[in-house]
Every structure is written in C-alpha cells, then in structure tokens.
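Student: Can you read through this structure? Questions will come right after.
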Amino acid sequence: MKYLLLLLSLTTLAISAAEKPNIVFFLVDDQRNDFLGCTGHPIIQTPNIDKLADQGTLFKNAFVTTATCWVSRASILTGMYMRKHRFQGGLINPKYIATSYPMGLKKAGYQTAYFGKTHFRLDKKQQAKMFDEFKQVGRNPFHKKMPDGSLKHETDIIADLAIDFIKRQSEEKPFFVNMNFNATHAEDSDKKDHFPYPESAAHLYTDMTMPLPKLHDRKIFESQPKFMQNSMHNDRYKWRWDTPEKYQHNMRNYLRMASGIDFALGRVVDALKEKNLNDNTVIIYTADNGYYAGDRGFAGKWTHYEQSLRVPLIIFDGRNQKGQKLSQIALNIDLGATMLDYAGMPTPKQYNGSSLKPLIEGEKVEWRKEFMGEFYSKHKTIPNWEGIRAERYVYASYPEEGFEFLHDLQKDPDQLQNFAKNPEYKEILKKMRKRLRETADPQGKPFVTRK
C-alpha cells in the first residue's frame, strides 16, 4: 500500500512538472523593434529569431516604461514602474525582490539560472534563493580570454553557459534560464571599433551599403529644443554616426552584433531540440530599451520618442504554436507576470504589469490603451521626463526644463510636430496632463521638481 501511495505521489509530481513549460528568456541590450528581419529591417539577417516569430507571437506594439538598461532590467525583474521600485543603481530594494518573478518560479518548482549582464546588485541571500546558478558576464572587453588563450565574445559565452545548463536538466523539474546579453550595446570606451561583434557574424554585410536612418535630415535635429540638442544624444551621435564613413563602419558592426545574438539563439534552440524539450518550452525574446541609431540626429535612448521606447517582443510556446501578430500594447513590466502565469503562479498584487498569456491564447480580456513612460537619472546631460503614451497621443513633460511635448500619431506618426501649444489640442493636452498625474502619483513621489 505504501509503495502504491509513493508511486501515485511520484506520478502526480511528474504530471505537475510536465504541465509547466520550461522558460528560456533572451534579453538583448539597445535594440529597437524594427531591427529584425521579421519586423521589416531591409538588411539585417536574423533567421532564427524570425522563425520564432513565424511560429509564435510577435507583439507589434511592445514598449519599455523606462528606456535605459539598468532601470528597464530592474522593472522587468520587479514588474514595476521606476516610480514604484525607485531603482537608480546599486542594490534593488529587497522588498520588491521578494515578489520578483524568479522567486515565484522557484516556488513553482523551477530550476533557475541567470547568465550575463546585471547592471544591478541583489541581496546575496535573496540571490541564492532566486537562482540555482548565477554568473555575471559583462563587457569591456566584449571578447574574453579563454583558458586556452583564445578570445570569445560575451554573446557566445552566455549562450554556452545556457546550453550547458540546459543539457544538465532532468525531466523531473521544469527549468528557467535567463540570458542577459551586453550586445548590442556599444563599447563606449572604444571610439574606433564601437560595436565589437562575434566571429559568427564577421562574414556578414561586408560589401553592403547601410541605409541611412529614416529621420536623418539635420533639420529634424535642429528643430529640437536646446536641452535636447545639447544632451548626451548629441555627444554619442558624434562618437558613432556623425560622418558617412563612421556611420557605415559602426552600423555594419552593430548589425553584426545583432546577427551574432541570432546565431547564439539558434544554438540554444538546437540544444533544446537535442533534448526533445522544444515542444515544452516557452521562449521569450526582447530588449531592455529601444535605440535611436542616428534617427533625429540622436544616439542612445532615454527620451520619449518611439525609437527610444519601442522594443521587439516575441513569445514562442512550443506547446501551442500560433504564428500570429498582436497589436495590443505590451510592456517590459508584463514579462514577469507572463512567466509566472506560464508556471501556474498568480501575479503579485504589487506588480504594475499584467500577464500576456491570455492575449497569446486568444482570450477576450480588457487591455490597456496607454502606459506611463518615465526617465530619471542624475546625469547632467540626459534630460529627465515623465509622460503618457496612448494609442493616438503621446504626452511628455520635461519638468526641469519646463517643456512639454504633445504628439498626434495619427496625423504625424514620425513625431515631427509638437502640438503642445496648438490651440486645437488644448483639451487633449489637459486630458493627457491629467492622465499622467492619475497614473504616476499613486506609484510614488516625483523624482524632480516641476517648474
């Protein structure tokens, strides 16, 4: 009788584990939504990522709530707006880590691993509870010296760590592995070879002319307020894009970095297939923020324009291959809730994000029509802002500058006009100001004083 009960117990555990998919999370740095083949880039080669999109769900309107790597990664981890978690570097508040999605996945019985970039610190006791394996891999340099004296790009090192982890997993427990790439971030300390790429992509784009940014006209930069023109956007533009020769060299290498990630992703997917795990694995691909890449005469991210806030987002579920494109607004703060939902865990009440799983599975749910964007740092040449990005209108307030933007995406999808002082938009401006306060104020105190 005891043997029968034990057998039934083990069978129940096995069924429980089998019902929970493995989760593989690719988080890229500095890549906006249209820098993939599947999202319409005319040159870039990303066949492995494109295949995931063809078989999974591509979110056409995915955004980050704060467009910079350290805050965005903290927001993903906590499921919260910056205004709520208030991370500005260093240690993430342990109170919010206690409800982070890796903690929830551990409670759900997952083996968990984190490899790559952090840009934050965790309480060591909490980190040990969150992850069975944790290895930080940074840049500067991107190419690391191996024990045999050879050099290997951080993209491939992170993929190697994930593949080794996957190969050691059993079918008795589901697993989660998070790959946090430093690519496609520039190596800011190297102004000559700004975008070091892995060997796997060295043969690509050699004889190709890189297309100029859509918004490359210098008049667009000159139309910006002075605090934008004199910001870090312009400083880094001069590092990367300000001459035709520099632009061609750096853009070619930037695309190689992105294709190197695609190659690494393909290797990880192959490892899943070799263990017959692909059919029971959810794969997520996204980036921590968008990227101007020369548009508007800007470099970097940080500010309120679409190039800064938009990111790629693909979710592939091997058990339920859809091949669909969704238009609902998806956010980086939704990712934790989504992964917990796939693991059968509820969304913590502290989260500002919501699970995307019901949308993917075609359920009829009420969904957001807008979200709050914000940025704050103590950097003297990066302007701070807060705003609302709705389906048609975008409102952004730069409180320290006493300056407002109002864009009408229906009339002006490229955001070349500022309607904030247009009398015809007076009531819309009032409404957007009100929506910002209604959204932002309950999350916490403002970071800066308004003029």
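The values are calculated or read from the model by the stated rules, or taken from the named source; none is laboratory data. Because the structure is a prediction, the values reported are computed rather than measured. Backbone-built Cβ (ideal geometry, glycine too); neighbour counts: all protein chains shown. Ligands, DNA and RNA are stripped out before the accessible areas are found, and what is left, the full protein with its side chains, is counted by its heavy atoms. Shrake-Rupley method; radii C 1.70, N 1.55, O 1.52, S 1.80 Å.
Student: On alpha carbon coordinates alone, what is the Rg over Rh value for the chain, Rh being the Kirkwood radius?
Tutor: Details: Rg = 22.1 Å, Rh = 22.7 Å.
On the Cα set of the chain, Rg over Rh gives 0.97.
Student: Also, I was wondering about something else. Relative contact order for segment 170-264: what percent, with Cα pairs under 8 Å and sequence separation of 6 or more?
Tutor: Details: 59 pairs, mean separation 43.1, N = 95.
Relative contact order, segment 170-264: 45 percent.
Student: Could you give the Stokes-Einstein D for segment 26-76 in µm² per second, using the C-alpha Kirkwood radius, 20 °C, 1.002 mPa s? Can you show the working numbers first?
Tutor: Numbers: Rh = 12.2 Å.
The diffusion coefficient I find is 176 µm²/s.
Student: In whole percent, what relative contact order does the chain give with Cα contacts below 8 Å and a gap of six or more residues? Working shown, then result.
Tutor: Working: 890 pairs, mean separation 109.8, N = 451.
Value for the chain: 24 percent.
Student: What is the pair-distance distribution P(r) of segment 301-451, computed from all Cα-Cα distances in 10 Å bins starting at 0, with each bin given as a whole percent?
Tutor: Calculated over all Cα pairs of segment 301-451, the distribution is 9, 35, 32, 19, 5, 0 percent.
Student: Let me ask another. Could you compute how much accessible surface H249 exposes when probed at 1.4 Å, giving the result in Å² to the nearest 10?
Tutor: 70 Å²
Student: What lysines does K434 reach when the alpha-carbon gap must be under 23 Å and sequence neighbours fewer than 8 apart in one chain are set aside?
Tutor: Correct list for K434: K84, K369, K411, K421, K426, K445, K451.
Student: Follow-up question, since we're still on this one. Under a cut-off of 20 Å between alpha-carbon atoms, report the lysines in cross-link reach of K135, not counting same-chain residues fewer than 8 places apart.
Tutor: K106, K117, K124, K125, K144, K145, K152, K167
Student: Helix-only estimate, please: 222 nm mean residue ellipticity of the chain, summing -39500 (n - 2.57) across DSSP H runs of length 4 or more and dividing by its residues, to the nearest 500.
Tutor: Numbers: 16 runs with 153 residues, N = 451.
Rounded to the nearest 500, the figure is -10000 deg cm²/dmol.
Student: Please turn the phi angles of segment 87-93 into ³J(HN,Hα) values with the Karplus equation 6.51 cos²θ - 1.76 cosθ + 1.60 (θ = phi - 60°), one per residue in order, whole Hz, x for glycine and proline.
Tutor: Those phi angles translate into 6, 10, x, x, 8, 6, 3 Hz.
Student: For segment 191-264, how many pairs of lysine residues have a Cα-Cα distance under 14 Å, where the two are 8 or more positions apart or belong to different chains?
Tutor: Numbers: K191/K238; K191/K246; K192/K238; K192/K246; K238/K246.
Summing the qualifying lysine pairs gives 5.
Student: For a quick protection proxy, order the peptides 398-407, 203-212 by their average other-Cβ count within 10 Å, most packed first. Write down the numbers at each step before the final one.
Tutor: Working: 398-407: 18.7, 203-212: 12.6.
Ranking the peptides 398-407, 203-212 by packing returns 398-407, 203-212.
Student: Students often forget the sequence filter, so: which aspartates and glutamates lie under 13 Å Cα-Cα from K430 once same-chain residues fewer than 8 apart are removed?
Tutor: Straight-line reach from K430, under 13 Å: E404, E438.
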